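Down below is the structure, laid out as structure tokens.
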Amino acid sequence: MDRVQAWLEVQMSIQMGIMFPPAIDISPTPPESPIDPEPRAQRWATIIFVLTATPILSGEPGARQPAEQNSFCEEDYALTFYVAEFINSLTNLAYVHLALRYMYGPGSGGLLAPRLDFMSVSLLVLGIGSFLFHASLRQTLEFADEFSMLGLTWAMLQATLTTGQSPTKSRLISASLAMCFASFAVFYLQSPSIIYQVIAFVSCLFVLILRAQYLLYWLQPALPEAKTRDWNKKTWRAVFICLLGYVLWNIDLEYCATLRNIRQQLGLPWAWLFELHGWWHVLTAIGAAECMNVAREVREEVKRGQKRE
């Protein structure tokens, strides 16, 4: 905050000196009216500076949102005044990369015909939404970050719950999920407590794990045993990766002062390795992408089994 304040004062001084250079006048002039103690030059410099700097530094229109409110340990605007949290923003490219790797991987029709599904689109939206939030710390974009995370679980639930279902049941499940998530979004906008978002996210993950285990072990006709073992191993590996990311995020919260001291001692670029919330982004991107691949493979195997019948 001291660095930002100093920068503001320097910019105002520069703008005042450039736009309104002092004039030399040997004629006596009456003192400025006490009714208007602020010189005109300072007023105009202040107006121009606020108009140009507010979109970058504000967390809400007209006011910068403090980092403590968002519970992130990375120091704000430490590297550039155009990005609030540089590493927390940059690491969101992991979501974007893994989404695009599926869209333009095997089976893609080229640049203008990517291979799209709900899961890959939700992963891409999460990366973009979270990047914009951490780059600006605007409250409106914080909602975009949180809703896109829930949208990711929505997409994965839709993929697993509709696997093996008839077209009619699949449409009913998809519509029900859409209504549930839309209703929660309206509720959360009216009561934006983070505990509600956490409860919803954990509940979705719990249902997702249960459904995955049902598909792998209780679905009839049974899936090939060798593939089932491989898919189950990949699923739990993805869960472990996501849990590791969650643990690192909590360490980032609980030991922020210690981590900042370590970063200061190491200096750049090694200090970036201790931006643990960034590792949460990278690890959840890897874990989510792994779960998505398993869900796609299981769905295709179930379809092949239904065709053989």
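Bear in mind these aren't lab numbers, they're just calculated from the coordinates by the rules spelled out. Everything numeric in this text was worked out from a predicted model, so none of it was measured. Backbone-built Cβ (ideal geometry, glycine too); neighbour counts: all protein chains shown.
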Principal axes first, then extents: for the Cα atoms of the stretch 119-255, list largest minus smallest coordinate on each axis, whole Å, largest first.
50, 38, 24
In whole Hz, what ³J(HN,Hα) sequence does the stretch 118-134 give by Karplus (6.51, -1.76, 1.60; θ = phi - 60°), x for Gly and Pro?
4, 5, 5, 5, 5, 5, 5, 5, 4, x, 5, x, 5, 4, 5, 5, 5
Residue-span extension gain [His97 to Phe184] - 0.36 nm each, minus C-alpha spacing
28.4 nm
Derived scalar couplings ³J(HN,Hα) [the stretch 145-158; Karplus, 6.51 cos²θ - 1.76 cosθ + 1.60; whole Hz; x for Gly, Pro]
4, 5, 5, 5, 5, 5, x, 5, 5, 4, 4, 6, 5, 4
Could you list the square roots of 5 times each eigenvalue of the Cα gyration tensor of the stretch 72-308, that is, the equivalent ellipsoid semi-axes, sorted largest first and rounded to whole Å?
34, 20, 18
So for the pair Ser191, Leu219, with labels modelled 7 Å out along Cα→Cβ, what separation do we get in nm?
3.6
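By how many nm would the segment from Arg229 to Val247 grow when fully extended, if each residue of separation counts as 0.36 nm and the alpha-carbon distance is taken off?
That pair, Arg229 and Val247, stretches by 3.8 nm at full extension.
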Please give the FRET efficiency for Asp117 paired with Arg260, using the beta carbon to beta carbon distance and R0 = 41 Å, rounded to the nearest 0.05.
0.50
